[in-house]
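Colleague: Can you read through this structure? Questions will come right after.
Bear in mind these aren't lab numbers, they're just calculated from the coordinates by the rules spelled out. If you're wondering where the values come from, they're calculated on a predicted model, not measured in any experiment. Backbone-built Cβ (ideal geometry, glycine too); neighbour counts: all protein chains shown.
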Amino acid sequence: MTAFVDFRNVWLAYNEELQAAGQFAVEDITLAVGEGEFIAIVGPSGCGKSTFMKLATGLKMPSRGSIAIGGAPVTGPLKISGMAFQAPSLLPWRTTLDNVLLPLEIVEPYRSSFKARRKEYEAKARELLKSVGLGGYEDKFPWQLSGGMQQRASICRALVHEPKMLLLDEPFGALDAFTREELWCALRDLHAAKRFNVILVTHDLRESVFLADKVYVMSKSPGRFVVQRDIDLPRPRDLEITYTPKFTDIVHELRGHIGAIRHGGGTNSMALPQ
């Protein structure tokens, strides 16, 4: 089966001088992700998780190796992906609905037909907002929404143009524990309904185990994947599973790997499949 996300021996140095000195931000990343799969990437701060995201979106080109997404070589910024970050970054002068519609106004092929099909696009955005519990908040401005509501709107904005891949960089890190768990469930339901690919970068091991099909652990810089952990918990998952011994054991196992990396040791885990 052809991988939807396919990294082959990818290395990245941020400039030619660093490359000449052999100083790489990430090294020797080989990764194959199936269509519709949800993966999470965890690791110590500064290990290259965000650098990996830039490579996956085409914002950075590898110094060595190759990347293909959806069967096509990555040669520049991708149009088939949506992104959401830790800060929702909603435009304060636009309503929730208008913030969600923004990609349809600026990304082709939607841009050229936006005025003619605005009612249709608005209906799609309203349905998306309703699916994450924001029905009735379409006309509110960002300052009238809680942090969790703003992040829900941000995820809707990333999905409104129906991307094949959603990239999430610490999207729930600034939220309280209860709100974070609510958003885990909202994301779980969206993914189950739409089956887009997801790459989630997070420091929250519980989050990674609850949401992902596979969790990858990155080493300290230069970042490389040193552990691949299949999350063999049945879907659909509800929050009760986070209190089970099996769930807790997986979280502790991943914490052990990261602890070993942070304190200068290696990890005795399985090698990544090539």
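Colleague: So how strong a dipole does segment 87-163 carry about its Cα centre when Lys and Arg Cβ are +1 and Asp and Glu Cβ are -1, to the nearest 20 debye?
Modeller: Details: 12 positive and 9 negative charges, 15 e Å.
Computed charge dipole of segment 87-163: roughly 80 debye.
Colleague: Could you work out the relative contact order of the chain, using alpha carbon pairs under 8 angstrom and six or more residues apart, expressed as a whole percent?
Modeller: Details: 487 pairs, mean separation 67.5, N = 274.
Relative CO of the chain lands at 25 percent.
Colleague: Right, next: Zone of Arg64 (label point 7 Å along Cα→Cβ, backbone N under 17 Å): which residues in segment 1-37?
Modeller: Residues passing the 17 Å test: 7-31.
Colleague: Please list, ordered by chain and number, the residues whose modelled amide H lies under 5 Å from the amide H of Met83; skip anything fewer than 5 residues away on the same chain.
Modeller: Correct list: Leu167.
Colleague: Points 7 angstrom from Cα along the Cβ direction at Glu108 and Ala193: gap in nanometres?
Modeller: 3.1 nm
Colleague: So, one more: Local charge sum around Ile199 (other residues, Cβ-Cβ under 11 Å, Lys/Arg +1, Asp/Glu -1)?
Modeller: Working: positive: Lys49, Lys214; negative: Glu37, Asp169.
Value of the local net charge: 0.
Colleague: Here's a follow-up. Using only C-alpha atoms and all pairs of different ones, pull out the Kirkwood radius for segment 87-163 in Å with one decimal.
Modeller: Working: mean 1/r = 0.0820 Å⁻¹.
That comes to 12.2 Å for segment 87-163.
Colleague: Here's something else I'd like to know. Mind jotting down the distance between the C-alpha centroids of segment 160-207 and segment 94-128, whole Å?
Modeller: 22 Å
Colleague: What list of ³J(HN,Hα) couplings, whole Hz, do you get for segment 165-172 from phi and the Karplus terms 6.51, -1.76, 1.60, once you set θ to phi - 60° and write x for glycine and proline?
Modeller: 9, 10, 10, 10, 10, 6, x, 10
Colleague: Please give me the summed charge of the neighbours of Ser219: other residues whose Cβ is under 12 Å from its Cβ, Lys and Arg +1, Asp and Glu -1. The partial results should precede the final answer.
Modeller: Numbers: positive: Lys49, Lys220, Arg224, Arg262; negative: Glu27, Asp28.
Result for the local shell: +2.
Colleague: Tell me the mean residue ellipticity at 222 nm calculated for the chain from its helices only (DSSP H runs of n ≥ 4, each -39500 (n - 2.57), averaged over every residue, nearest 500). List each step's numbers first, then the result.
Modeller: On the way: 8 runs with 94 residues, N = 274.
Rounded to the nearest 500, it is -10500 deg cm²/dmol.
Colleague: Turning to a different aspect of this structure: Which of Trp93, Leu187, Phe24 sits farthest toward the positive end of the charge dipole of the chain, with +1 on the Cβ of Lys and Arg and -1 on the Cβ of Asp and Glu?
Modeller: Trp93
Colleague: Would you list Arg8, Arg229 from fewest to most Cβ contacts within 10 Å?
Modeller: Numbers: Arg8 17, Arg229 20.
In order of increasing Cβ crowding within 10 Å: Arg8, Arg229.
Colleague: Using the Cα centre as the reference, give the magnitude of the dipole from point charges on the C-beta atoms of segment 165-274 (Lys, Arg: +1; Asp, Glu: -1; all else neutral), rounded to the nearest 20 debye.
Modeller: 400 debye
Colleague: For the pair His263 and Glu122, what calculated FRET efficiency results from E = 1/(1 + (r/R0)^6), where r is the Cβ-Cβ distance and R0 = 45 Å, to the nearest 0.05? The partial results should precede the final answer.
Modeller: On the way: r = 53 Å, r/R0 = 1.17.
Calculated value: 0.30.
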